[in-house]
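**Student:** I am attaching a structure below and will ask some questions about it afterwards.
The values are calculated or read from the model by the stated rules, or taken from the named source; none is laboratory data. What you see is a predicted model, and the numbers here were worked out from it, not measured in a lab. Quick reminder, even Gly has a Cβ in these numbers, built from the backbone with ideal geometry, and neighbours come from all protein chains shown.
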Amino acid sequence: MADQNANNTRRDFLKTGATASAAAALLSNFAANSKVYAAGDEILRVGLVGCGGRGTGAANQALKADPQAVLVAMGDAFPEKMDRSLESLKNQKGIADRVLVDDDHKFSGLDAYRYVIDSCDVVLLATPPGFRPEHLEYAVEKGKHIFTEKPMATDGPGVRRAMAAVKVAEEKGTAMVAGFCWRYDSTKRAFFEKVLNGDIGDVRCIYGTYLTNPVKSMPDASTRPEGMSDLEWMVRNWYNFTWLSGDGLVEQACHTVDWLAWAKDDAPPASCTAIGGRQILAKGGNIFDHIEVNYVWEDQTRAFLAQRQISGCHNENNLYILGSKGEGNMTRRGATISGSEDWKYKGPTPNMYDVEHVEMFKSIRAGKPINNGKRMMTSTMMAIMGRMAGYTGKEVTWEMALNSEEQLVPEVSNWDTSVEIRKTSMPGLTPFK
């Protein structure tokens with residue numbers, strides 16, 4: 001359970017150092033319903049769920065994006081992580097006076113997300129993605145505007161749950177902006193606009209890479225505190241467990257998967273095959289450290305993803321597209337097209353993390369909230385589909401993946417909930433479910 005009582009919502013915010021007018025607006029808003037539209041001078045209350053590095057960054061960017069946005073609530077499974085995040089945000093220039101999180105609006109525990117969502121107009125969801133469908137569902141039910149980090153689920157049942165939430169958000173007219181941040185990068189936007197406008201002809205083959213070092217190494221089991229439950233050990237080391245992270249392919253390389261989907265105008269592939277495994281001697285956890293996926297569409301376009309997270313190897317994060325009239329190449333630093341007319345992006349390059357929040361808040365204030373829901377779910381499902389093929393060694397169709405009944409995410413109620421630590425998958429032996 002959360003450490004604080006969520007009903008304590010009328011605390012005097014003057015003591016935080018905010019201006020009297022901002023405090024008065026907050027006090028009046030806490031009892032009000034969430035706003036689909038907010039005028040330019042209205043306070044938008046922001047809540048953060050998941051206070052790691054990415055969540056802290058998202059909160060910083062949200063407050064920088066809108067001068068009338070105020071951080072009023074934070075939640076994390078672990079209070080010490082939340083405290084570090086809050087201290088960091090209070091020391092950020094330009095936003096410190098709008099970090100108004102008092103002790104009654106700091107929530108910890110597995111259900112902290114509910115209290116944060118109940119306290120805000122705009123919620124930033126940045127927990128391990130295994131929890132994302134439940135958080136999305138609750139935030140949409142409560143009519144909140146949402147910034148959600150990628151991916152949006154780690155298994156088929158979670159995808160279907162998140163897709164249902166997307167549909168309800170569309171009906172309610174609330175914002176849902178996805179953490180597929182490259183969609184808000186000026187270079188990438190210009191590049192894909194040309195690709196989709198036919199500057200290289202029909203797209204025939206796509207190759208994307210995500211070759212890097214291990215992202216979050218698993219600590220040795222000897223460092224596990226005595227008496228810590230399996231669930232807490234897994235959540236503290238969430239990246240190394242498939243039900244929490246989805247695997248490195250789903251949690252990290254999903255950005256490259258998103259590029260593949262973008263090149264096909266977000267049409268889902270018909271099927272995929274994959275090869276992958278675990279080379280590094282494991283200290284625990286059950287994710288693979290490499291998977292290569294071959295996606296194929298109904299029109300026989302093929303896209304290939306190379307994903308590896310092993311030290312001492314070649315690192316690269318690029319995209320190569322072959323078309324009937326030319327080719328396009330894209331790296332983190334730039335993009336070029338070779339064809340009837342050569343092109344290289346030379347325009348401005350504002351920070352994409354800032355842009356996604358600026359555009360979200362502007363859309364809310366304009367009464368036309370952005371909803372990235374459909375495309376974010378396509379990219380999430382494509383990544384999970386590739387992992388399924390890699391883990392089982394089977395050809396996996398879009399329908400198989402979307403209708404998979406394998407529920408990786410357990411039902412958890414408290415830290416003592418019994419959770420199975422699954423063995424690492426073995427292609428050819430692990431069944432598709």
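**Student:** Residues being among the small types (Gly, Ala, Ser), in contact with a Cys (Cβ under 9 Å, 6 or more places away or on another chain) and surrounded by fewer than 16 Cβ atoms within 10 Å (Cβ to Cβ): count how many of those fall in the stretch 78-122.
**Tutor:** Result for the stretch 78-122: 0.
**Student:** Give me the pairs, please: first residue somewhere in the stretch 53-69 and under 18 Å from residue 239 (Cα atoms), second residue anywhere and polar (S, T, N, Q) and surrounded by 23 or more Cβ atoms within 10 Å (Cβ to Cβ), beta-carbon distance under 6 Å, and either six or more positions apart or on two chains.
**Tutor:** Close Cβ pairs (under 6 Å, with a partner that is polar (S, T, N, Q) and surrounded by 23 or more Cβ atoms within 10 Å (Cβ to Cβ)) amount to 56/85.
**Student:** Select from the stretch 214-231 the residues that are farther than 11 Å from residue 283 by Cβ and more than 20 Å from the chain's Cα centre (by Cα) and write down the one among them that is surrounded by the most Cβ atoms within 10 Å (Cβ to Cβ).
**Tutor:** Looking at the filtered set, the residue picked out is 231.
**Student:** OK, next. Looking only at strands (runs of 3 or more DSSP E) that lie completely in the stretch 34-144, which have at least 1 residues being aliphatic (A, V, I, L, M)? Give the steps one after another, and end with the answer.
**Tutor:** Numbers: elements: 44-49, 69-76, 106-108, 122-125.
Strands (runs of 3 or more DSSP E) meeting the threshold: 44-49, 69-76, 122-125.
**Student:** What are the residues in the stretch 132-182 that are over 22 Å from residue 387 (Cα atoms) and either among the acidic types (Asp, Glu) or assigned by TED's automatic domain parsing to the domain that holds residue 254 (or both), if any?
**Tutor:** Step one: of the stretch 132-182, the residues over 22 Å from residue 387 (Cα atoms) are 135-147, 164-177.
Selection gives 137, 141, 170, 171.
**Student:** Please find, within the stretch 415-431, the residue that is surrounded by the fewest Cβ atoms within 10 Å (Cβ to Cβ) out of those that are over 25 Å from the mean Cα position of the chain (by Cα) and among the hydrophobic types (A, V, I, L, M, F, W, C).
**Tutor:** Among those residues, the one meeting the criterion is 429.
**Student:** Can you tell me which residue in the stretch 199-221 is nearest to residue 294 (Cα to Cα), limited to those that are at pLDDT below 95 and hydrophobic (A, V, I, L, M, F, W, C)?
**Tutor:** Among residues in the stretch 199-221 that are at pLDDT below 95 and hydrophobic (A, V, I, L, M, F, W, C), the one nearest to residue 294 (Cα to Cα) is 215.
**Student:** Going by what's in this entry, would residue 249 be described as farther than 21 Å from residue 58 by Cα and surrounded by 18 or more Cβ atoms within 10 Å (Cβ to Cβ)?
**Tutor:** Judged against the criteria, residue 249 is a match.
**Student:** While we're here: Inside the stretch 316-414, counting only helices (runs of 4 or more DSSP H) that do not spill past its ends, which hold 3 or more residues that are crowded, with 18+ Cβ neighbours inside 10 Å and among the aliphatic types (A, V, I, L, M)?
**Tutor:** 352-365, 373-392
**Student:** Can you confirm whether the stretch 253-268 contains a residue that is over 30 Å from residue 200 (Cα atoms) and either in the same structural domain as residue 321 (by TED's automatic domain parsing) or more than 21 Å from the chain's Cα centre (by Cα) (or both)?
**Tutor:** no
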